[in-house]
Amino acid sequence: MVLSPLQWKIIDGVRAGRINKQIAYDLGIAEATVKAHMTTIMRKMNVRNRTQVALAAQAMHTKPSA
């Protein structure tokens with residue numbers, strides 16, 4: 001699974017507990033853009049909600065390197 005740098009920044013915002021509006025403001029993009037990226041992120045991660053995105057991202061960051 002490949003995520004863009006912007007998508008990782010959005011995930012970081014989700015993990016920090018920010019809502020889409022706050023993430024959009026922090027990144028200088030439209031809230032609709034954040035929503036579109038969240039849809040793509042959830043599809044790529046095969047999850048259904050923001051909590052699962054945060055948990056999946058945490059699991060990806062803590063995986064041991066091969």
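No lab work stands behind these numbers, since they all come straight from the coordinates. Remember, it's a predicted structure, so these values are computed and weren't measured experimentally. Quick reminder, even Gly has a Cβ in these numbers, built from the backbone with ideal geometry, and neighbours come from all protein chains shown.
A few notes on this one:
- Beta carbons closer than 7 Å, at least 6 apart along the sequence or on distinct chains, pair a first residue in the stretch 1-27 that is within 16 Å of Ala56 (Cα to Cα) and touching a residue at least 24 places away in the same chain (Cβ under 8 Å) with a second that is part of a helix (DSSP H, G or I) and of a type in the set (Lys, Arg) for Met1/Lys44; Leu3/Lys44; Val14/Arg50.
- Looking across the stretch 9-28 at every residue that is surrounded by fewer than 16 Cβ atoms within 10 Å (Cβ to Cβ) and aliphatic (A, V, I, L, M), the one that is farthest from Val53 (Cα to Cα) is identified as Ile19.
- Residue check, Val53 surrounded by 15 or more Cβ atoms within 10 Å (Cβ to Cβ) and out of contact with any Gly (no Cβ under 9 Å at 6 or more places or on another chain): yes
- Failed item in (1) exposed (fewer than 10 other Cβ atoms within 10 Å of the Cβ); (2) of a type outside the set (Lys, Arg); (3) within 10 Å of the chain's Cα centre (by Cα), with His37 passing the rest: (1)
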